[in-house]
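The values are calculated or read from the model by the stated rules, or taken from the named source; none is laboratory data. Bear in mind that the values here come from a model prediction, so they are computed numbers and not experimental data. Using ideal geometry, Cβ is built from the backbone for each residue, glycine included, and neighbour counts are taken over all protein chains shown. We work out accessible area using only protein heavy atoms, side chains counted, and drop any ligands, DNA or RNA first. Shrake-Rupley method; radii C 1.70, N 1.55, O 1.52, S 1.80 Å.
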Amino acid sequence: ASTPATSPKSKEDQAVNGHDEKESNPFAEYMWMENEEDFNRQVEEELQEQEFLDRCFQEMLEEEDQEWFIPSRDLPQGMAQLQQQLNGLSVAGDGHASEDILSKSNLNPDAKEFVPGVKY
């Protein structure tokens, strides 16, 4: 029969170890260090894969930029100036110009609205 002093699971051994007997391996969180080379290789592969994906996305974005029509980049210089002039024009002009057009008009402002296919 074994005495409590020689038992490996005695209270004194638990106090010295600082771990409960329920805990299977007190160094479990450090076990990756046992295979440090494998761990480093795995992390390096993950980083290389992420870098590869980043390069692929960058290339995809550059290809999209080349396919899109950007007037400032894709039109000849004279066409770009013409584009700017067209953008500067307004349909209605200022308020006085539209009033002049209305005063000179010979259209009937009280006429019914034209609807195609409807006879009046």
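Express in nm, to one decimal, how much length is gained between Phe27 and Leu47 on full extension, taking 0.36 nm for each residue of separation and deducting their alpha carbon distance. Spell out each step's value before the answer.
Details: separation 20, 0.36 × 20 = 7.20 nm, distance 2.71 nm.
Answer, rounded to one decimal: 4.5 nm.
Which order do you get for Trp68, Trp32 if you rank them by accessible area with a 1.4 Å probe, largest at the top?
Trp68, Trp32
Return the equivalent ellipsoid semi-axes of segment 28-70 as a descending list in whole Å, where each equals the square root of 5 times an eigenvalue of the C-alpha gyration tensor.
40, 7, 4
For the pair Tyr120 and Asn106, how long in nm is the line joining their label points, each one 7 Å along Cα→Cβ?
A separation of 1.8 nm, rounded to one decimal place.
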